[in-house]
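Reviewing the structure listed below.
The values are calculated or read from the model by the stated rules, or taken from the named source; none is laboratory data. Quick caveat, the model's predicted, so the values are computed rather than measured. Positions of Cβ are backbone-derived with ideal geometry, glycine not excepted, and every protein chain shown enters the neighbour counts. Side chains are part of the model used for accessible areas, which takes the heavy atoms of the whole protein and leaves out ligands, DNA and RNA. Shrake-Rupley method; radii C 1.70, N 1.55, O 1.52, S 1.80 Å.
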Amino acid sequence: MNGNPRTDGPPQEEQGQEAAAATATPETSTEQQSAQAAAPAVDAERQRLEAELDATRKRVDQLARAYQELMKDREEFKQRLTRERERMMDVERGNVATTLLEAVDELDRCLAMSGEDTSSPLAQGVKMIRDGLLSKLQQTGIERIQVVGLPYDPNTAEATDMELTPNPDEDQKVVAEARAGYRLKDRIIRPARVKVAKYVAPAQA
């Protein structure tokens, strides 16, 4: 022996690295196992959170739809209330107009009784009052119904008299008006009183 250390075995540094590697292997394996064991728990938590988020979104959508329906119902209620208020105002306006129309009828009768003497101061004054009342009524939306010469319509007129006619084209047509009729918008506030023609075939000779 020459006193030199033996070199047939692995160097001490390599032996130390192998020992450290052997020592670290179990710890690394344990960490991997722990991570693998924790992965299902993380996935389960994520699925739970996603489910809660989805449920929250659905609830928000439901509340949004409910709010929209509430606002729609509120708007429809306001519109119904407005329509009902307008209808009641039209009814009251029609009641007042009916009273004024009776006054117009009286003035029309006065003018009719005056005959052809429509140029007298009295007749002119009566006509001026009548025209003024009709103008006021028209400003409130009241219109006179035109019925003479048109087919008889029981929705707008009352047949109070009948006139026989040999002309088949005039059958069931209004030939005269005994009292004027009026409407307010689409509502008849006073039907006209009319004379209706009835066709009768001429006797054969």
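Select, from 144, 109, 187, the only residue that is within 24 Å of residue 89 (Cα to Cα), open to solvent by 50 Å² or more (accessible area, probe 1.4 Å) and either in contact with an Asp or Glu (Cβ under 6 Å, 6 or more places away or on another chain) or without any contact (Cβ under 8 Å) to a residue 40 or more places away in the chain (or both). Don't jump to the end; show me each part of the working.
Working: 109 fails: within 24 Å of residue 89 (Cα to Cα); 187 fails: either in contact with an Asp or Glu (Cβ under 6 Å, 6 or more places away or on another chain) or without any contact (Cβ under 8 Å) to a residue 40 or more places away in the chain (or both).
Just one listed residue meets the conditions, 144.
Tally up the residues in the range 172-184 that are open to solvent by 60 Å² or more (accessible area, probe 1.4 Å) and either β-branched (Val, Ile, Thr) or over 18 Å from residue 98 (Cβ atoms) (or both), please.
Summing the residues that are open to solvent by 60 Å² or more (accessible area, probe 1.4 Å) and either β-branched (Val, Ile, Thr) or over 18 Å from residue 98 (Cβ atoms) (or both) in the range 172-184 gives 2.
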